[in-house]
Amino acid sequence: MEHDADPAPAPAPAIASLQPADDDWAARDDLEEAPAKPHPHSAARDDDDAREAPRARATQGVNGIKSSLQSLELQSVVQTEAKEEQNRKRHLNVVFIGHVDAGKSTAGGQILFLSGQVDDRTIQKYEKEAKDKSRESWYMAYIMDTNEEERAKGKTVEVGRAHFETETTRFTILDAPGHKSYVPNMISGASQADIGVLVISARKGEFETGYERGGQTREHVLLAKTLGVSKLVVVINKMDESTVGWSKERYDEIEGKMVPFLKSSGYNVKKDVHFLPISGLLGTNMKTRMHKSNCSWWSGPCLFEVLDCIQVPLRDPKGPVRMPIIDKYKDMGTVVMGKIESGTISEGDNMLVMPNKANVKVISVHCDEDRVRSAAPGENVRVKLSGIEEDDITAGFVLSSIKNPVSAISEFRAQLQILELLDNAIFTAGYKAVLHIHSVVEECEIVELIEEIDLKRRKEGDIKKKKPKRKPLFVKNGAVVVCRVQVNNLICIENFSEFPQLGRFTLRTEGKTVAVGKVVAVPPAGSSTFNV
């Protein structure tokens, strides 16, 4: 086929041999000076090639420009997104806790209104709705309490979630239920929080009910501290109420009773606790400082100022990824929700869902409503995954790094503080309770008491004290004990010393918190139990 392409030059030598000798040079000169007459078809092709050459060069030029523009646009988008992520305000989760009817949902709703998250028309609608139910003072709570059951009873059931911003910080409000029947939901909210707002009612009789033994003010403070809420803002609400009238004496009385209790719960009151008076219904001393005409004796900051100034410990963005999953749903793929406790999650990352060791790929990451390329520790995120079905995930699973996965175990050693056992109950081997640790809720059993710790001697630095030869058979209220705990299913936890957020827990029985504790040892890597 290649030889067929050039048949024309073959006869050339024969034609040359017929020319006279003396005309040979002239003929050659003529051939050099005057080009040979082209074949008509060859000329047409040359014309086409001549026309196509500039077009091809123009097309290449256009394509080159397009490619350069696309490259510049992509580079610009990446730089813009990187700059936005760099300049993004810090994010904090704020959980509102306290006794039922203290005004948590009303205060949360007022914050959203004052920060421009709710418009006047919506407020007017809620006012009319509350008035029709003869509950005029509940309209602000309707912003946070969204379902009919909560609005009808005036009690928060689920953990409400909303967002607002100040000049320096993005906040997620977690409105925890105050009723004792819904404490497990409160635990779920507090386990995601960085700081807490303890709402206390100044109305006569209401503070006392919440503070007395069995009241939710006490239990919520203990749970918040156990669950890692290291900073607490104590807002004394309803100061505008007719029985209070912004009374300094009432404010001082409540603060005087709360300070010793907060100290006994483990809070450093001088560094980690802030007190201030507010009116959640009227919004007084919340976004702006209140006028002296309202309260002549208060010269301190308002709630927004206090929240803005609170500093919390930074988490490691380069550490192994740990994101306890609190919820999941299907939306063109499997989407999981949670708070990143360690590490950074980025689009395209390959990860593990533990404890079922499912390999997944991150398709997209959303913070609040915005899609982002990556999210750092402390962010509440929605992560779309490929490689796993929604039915294969439950709350309590953990999205984890492949290189350094979270521990998946069925038993662990813990240091427990016994708070208050049920009547006639004995805390001993065989004791059963419900374990709450990050987003895990699992039945557990105390299988062995290892050692009872004498905190007084430990504080005094008595290093001569030897470990007891015999393990304790049982312990009483107030005791601190090291024990071995077993669960029926694999759960994802870590040593408290390495990942505090995945190492704190509570034990509850029959609707009551009986103990709080921390994980002090997990089985060796690759094993779910200790070799006893």
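Brief remarks on what is shown
- Flag if Asp423 is surrounded by fewer than 19 Cβ atoms within 10 Å (Cβ to Cβ) and assigned to a helix (DSSP H, G or I): no
- Scan region 265-304 for residues that are assigned to a loop (DSSP other than H, G, I, E, B) and either closer than 23 Å to Leu112 by Cα or not assigned by the TED database to the domain that holds Thr172 (or both) and the total you get is 16.
- Condition met for Asp331 (within 26 Å of Val441 (Cβ to Cβ) and free of Cβ contacts under 8 Å to residues at least 12 places away in the same chain): no
- Region 64-102, subset at pLDDT below 85 and touching a strand residue (DSSP E or B) at 6+ places or on another chain (Cβ under 9 Å), residue most open to solvent (accessible area, probe 1.4 Å): Glu84
- In summary, Arg371 fulfils each of the numbered conditions (1) in a strand (DSSP E or B); (2) farther than 25 Å from Gln501 by Cβ; (3) more than 22 Å from the chain's Cα centre (by Cα) with the single exception of condition (3).
- Residues (modelled with pLDDT of 90 or more and in contact with a helix residue (DSSP H, G or I) (Cβ under 9 Å, 6 or more places away or on another chain)) located in region 281-295: Leu282, Gly283, Asn285, Met286, Lys287, Thr288, Arg289, Cys295
- So Thr168, is it at pLDDT below 90 and either under 21 Å from the mean Cα position of the chain (by Cα) or of a type in the set (Lys, Arg) (or both): yes
- Remark: Leu419 matches the filter, which requires a residue to be in contact with a helix residue (DSSP H, G or I) (Cβ under 8 Å, 6 or more places away or on another chain) and at negative phi.
- Residue in region 147-165 that is in contact with an Asp or Glu (Cβ under 6 Å, 6 or more places away or on another chain), loosely packed, with under 14 Cβ neighbours inside 10 Å and at pLDDT 80 or above present: no
Let's see how each residue does on (1) open to solvent by 10 Å² or more (accessible area, probe 1.4 Å); (2) in contact (Cβ under 8 Å) with a residue 60 or more places away in the chain:
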residue: Gly205; (1), (2): yes, no
residue: Leu222; (1), (2): yes, yes
residue: Leu227; (1), (2): yes, yes
residue: Lys231; (1), (2): yes, yes
residue: Val234; (1), (2): no, no
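- Residue in region 354-369 that is at pLDDT below 90 and open to solvent by less than 10 Å² (accessible area, probe 1.4 Å) present: yes
- Residues (modelled with pLDDT of 75 or more and touching a helix residue (DSSP H, G or I) at 6+ places or on another chain (Cβ under 7 Å)) located in region 172-182: Ile173, Leu174, Asp175, Ala176, Pro177
Residue by residue, here is whether (1) touching a helix residue (DSSP H, G or I) at 6+ places or on another chain (Cβ under 8 Å); (2) modelled with pLDDT under 90; (3) not assigned by the TED database to the domain that holds Phe171 holds:
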{"site": "Leu198", "(1), (2), (3)": "yes, no, no"}
{"site": "Arg203", "(1), (2), (3)": "no, no, no"}
{"site": "Gly210", "(1), (2), (3)": "yes, yes, no"}
{"site": "Gly215", "(1), (2), (3)": "yes, yes, no"}
{"site": "Glu219", "(1), (2), (3)": "yes, yes, no"}
{"site": "Met239", "(1), (2), (3)": "yes, no, no"}
{"site": "Glu249", "(1), (2), (3)": "no, no, no"}
{"site": "Asp252", "(1), (2), (3)": "no, no, no"}
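- Filtering Ile453, Ile463 for residues that are open to solvent by 60 Å² or more (accessible area, probe 1.4 Å), hydrophobic (A, V, I, L, M, F, W, C) and at pLDDT below 90 leaves a single hit, Ile463.
- Subset of region 378-404 (residues that are in contact with a strand residue (DSSP E or B) (Cβ under 6 Å, 6 or more places away or on another chain) and either surrounded by fewer than 16 Cβ atoms within 10 Å (Cβ to Cβ) or not aliphatic (A, V, I, L, M) (or both)): Gly378, Glu379, Asn380, Arg382, Lys384, Ser386, Gly387, Glu390, Gly396, Phe397, Ser400, Ile402
The values are calculated or read from the model by the stated rules, or taken from the named source; none is laboratory data. Worth saying up front: this structure is predicted, and the values here are computed from it rather than measured. No Cβ is skipped: glycine too gets one built from the backbone with ideal geometry, and neighbour counts run over all protein chains shown. Note: accessible area is taken over every heavy atom of the protein model, side chains too, but ligands, DNA and RNA are not part of it. Shrake-Rupley method; radii C 1.70, N 1.55, O 1.52, S 1.80 Å.
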